[in-house]
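Colleague: Pasting in a structure now, in structure tokens, and then I'll have a few things to ask.
Coordinate-derived values only; no laboratory data. The model shown is predicted, which means the values in this text are computed figures rather than measured ones. For neighbour counting, all protein chains shown are included, and Cβ atoms are generated from backbone atoms with ideal geometry for every residue, glycine included.
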Amino acid sequence: MRILSIIIISLSILVSTGCSKGSQINGRNFKTALKSVKMIKGRLPQEQRIAFELSFWAIRNTYRKNPEFLDIVDGKTPDELIEVGKEVFAKRKAEGFEEYQQYANWDEMIAKYEQDRAAQSIKKKRDPRDEENSVIYKL
């Protein structure tokens, strides 16, 4: 009987933890918000990651005070955060924010950042001279 109660308690804790707000940003404090953004970003499809990340940092750059920023991002799903990011982009572009003036719209900015990220991830060809300078010795 004792083992059965331990198993039931363990399962209920496991289920409550597993069914928590895993796809929402935890805005309890800035550190937990960063952790949840990192976790959510890892689960997103590649085409959504850049928009999600840019939205988060655009909101952060606009709302520098932690309480105000955390109120905005707390409990947001990736799609909701991207929508808020689009609104922040439009607002700051209309205000004349210099960095956003080079883009006609949100989609153009995302496309440019995706292109930049793809260019960074292209593997460079190895120079054959590097093999001569290897620290791995052939025995």
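Colleague: Rank-order 40-49, 79-88, 58-67 by packing density, defined as the average count of other C-beta atoms within 10 Å over each peptide's residues, highest first.
Modeller: 79-88, 58-67, 40-49
Colleague: On to the next question. Tell me which residues come under 5 Å, amide H to amide H, from K76 once H is placed; ignore anything under 5 positions away on its chain.
Modeller: I25
Colleague: What would the Debye formula give as log10 I(q)/I(0) at q = 0.19 Å⁻¹ for the alpha-carbon point model of the stretch 22-121, no solvent?
Modeller: Calculated log10 I(q)/I(0) at the listed q: -0.93.
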